Every structure is written in structure tokens, then in C-alpha cells.
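Working notes, structure below.
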Amino acid sequence: MKLVGNKWDQVLEEEYQKDYFKKIVLYINEAYKKRPIFPPKNYILRALSLTDYDDVKVVILGQDPYHGVGEANGLAFSVNKGIKLPPSLQNIYKELKNDLGIPISQNGDLTCWAKQGVLLLNSVLTVEKDQPASHKDLGWDKFTDAIISKINEKETPVVFLLWGSFAKSKKGLITNPKHEVIESSHPSPFSCNYGFFGSRPFSKTNLFLINNDLEPIDFTVK
């Protein structure tokens, strides 16, 4: 089955055949016909299509897509160009400036990160308009947990950025000692002052990549 169009299809072939995944596909195909759901249907697996399995160097875990019109673009924390920056992304950019001196961008589209090997993965891949967490019980988390487990199997080192308690709950899936886990509080306004600001995740990520003979990420968003 070709859902992504790159090596992820081969890596996830067994997952595609499982009953829970087939149920998700059936539900989603019907739901998109009946009511507004985000991101656009052809963007549900966009994180995987932009960051192929062999190219994953960094994983940033989010919870579920933005639920406002025109916001979600299939990448965790990312919004389409021209959309007002959500508060969490504003705080990510503030930490990026403090950490690496990168100017704060008004563009919230993180596609440029994804193309460099940063997998921006939400645990839940769809959401109904104006209803946060509305698809949290569909089974998406089983699928995205499988993605994390497959990345854990990689021989090349990967950095996992776990922001907030939800992301940290996935730490048990990361058992390969080759990988690096960097944890902090979530960048949301409710928790950013409790460990996210000052955590320097971007410089730590690049230091780890350089120490493992991998190209660092240019986190500049233009």
C-alpha cells in the first residue's frame, strides 16, 4: 500500500494492514465528506512525505493539529504562511532566538525544517474544526507510536525533543542508546516559564548531530 510515496510505506507496511488502521481510514474517508476536518486530507501524512525514514535526524512531537481554519498543514507546531503565529510557536521562536540568535520569523511554516530531517510529528493526525482533541480516540496514537518505534530502530542517531508531559509520555518507546532525548516543559504560555525557556534545545540538538558526524539543522525560518 502506498500512502506516503517514499520509504515510510515499506517501513509501515505491517501497520497499514492492521484492523485499527483500516478502521481509521474508513472513518476518515467518510468524515471528510461530512464536516470540516484539518489538516486537508492530502496533508494528513505530510510530515512523513517531507521527511523520509532514512532522513530523520530530529523528532519533535506534538499532540494534535491546530483546529482553526487554514492553520494546520500536517506538521506539528507549524502553520501555513500568512497565518498568525500560535502562542506555542511564538515561544518556540523566542527560545530559538535566545538559544541560537536566530531572528524571530513572522512565517510559521516549518516545512524548511522538515526538509532537513526534522520530523514534526503530531500524535493525533486529524482534528475537527474548532474542536481540539476531537480525534484523540480514533487510534492515531497507535499509528504514531509505531512510527516512533520504527525510528527507535534506526542505526543512525536521532534527537527526540519531548516538550511537555504528553510528549514525555512517549519516552518509553525510545530505548536505543544511540539516540538522544532532550526534555523540557511545553512551549505553551501555560508552561513555557517552567523549563522550556532556557532549555536550549536547538543548540543541544545541533551539538549532538555534529558530534555524530551529521549535518546540523539550519533552524532559520524565512
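The values are calculated or read from the model by the stated rules, or taken from the named source; none is laboratory data. Because the structure is a prediction, the values reported are computed rather than measured. Every residue, glycine as well, gets a Cβ built from its backbone with ideal geometry; the counts of neighbours run over all protein chains shown. Only protein heavy atoms, including side chains, enter the accessible area calculation; ligands, DNA and RNA are left aside. Shrake-Rupley method; radii C 1.70, N 1.55, O 1.52, S 1.80 Å.
The table below lists the values:
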| quantity | calculated |
| --- | --- |
| Over the range 1-124 - Rg/Rh using Cα atoms and the Kirkwood inverse-distance radius | 1.00 |
| Cβ-placed point charges (K, R +1; D, E -1), dipole of the range 157-222 about Cα centre in debye, nearest 20 | 220 |
| By average C-beta atoms within 10 angstrom, highest first, the peptides 149-157, 108-116, 135-143 | 108-116, 135-143, 149-157 |
| Solvent-free Debye scattering, log10 I(q)/I(0), computed from the Cα coordinates of the range 181-222 at q = 0.18, 0.30, 0.33 Å⁻¹ | -0.61, -0.97, -1.03 |
| Solvent-accessible area, 1.4 Å probe, carbon plus sulfur percent, for the range 58-209 | 52 |
| Length-normalised contact order for the range 1-140 - Cα pairs under 8 Å, 6+ apart - percent | 31 |
| The chain: antiparallel DSSP beta bridges as a percent of all, rounded to 5 | 25 |
| Per residue accessible area of the range 79-222, 1.4 Å probe, in Å² | 47 |
| Equivalent ellipsoid semi-axes - Cα gyration tensor, the range 92-222, angstrom | 23, 21, 15 |
| Extension reserve of the VAL25-THR156 stretch, reckoned as 0.36 nm per residue once the Cα distance is removed | 44.0 nm |
| Those aspartates and glutamates that a straight Cα-Cα span of less than 20 Å connects to LYS142, excepting residues fewer than 8 apart in one chain | ASP9, GLU13, GLU14, GLU15, ASP19, ASP52, ASP64, GLU128, GLU153 |
| Pairwise centroid distance, computed over Cα atoms, of the range 56-118 with the range 1-39, Å | 24 |
| Dipole magnitude (debye, nearest 20) for the chain, charges at Cβ of Lys, Arg, Asp, Glu | 540 |
| Amide H within-cut-off set for ASN122, under 5 Å, with H built and near neighbours excluded | GLY62, ALA76 |
| Rounded if a/c under 1.5, otherwise prolate or oblate - the range 55-109, Cα gyration tensor axes | oblate |
| When the chain is reduced to its Cα atoms, the Kirkwood hydrodynamic radius in Å | 17.7 |
| Expected 222 nm ellipticity per residue - DSSP helices of 4 or more, -39500 (n - 2.57), all of the chain, to 500 | -9500 deg cm²/dmol |
| TYR66, TYR16, ranked by accessible area, largest first (probe 1.4 Å) | TYR66, TYR16 |
| Packing-based ranking, highest mean first, of 55-62, 2-9, 195-202 given that Cβ atoms within 10 Å are counted | 55-62, 195-202, 2-9 |
| Vicinal HN-Hα couplings computed from phi for the range 131-139 (Karplus, 6.51 cos²θ - 1.76 cosθ + 1.60; Hz; Gly/Pro x) | 10, x, 6, 5, 10, 5, 9, 6, x |
| Calculated on alpha-carbon atoms, Rg and Dmax of the range 1-56 in Å | 12.3, 37 |
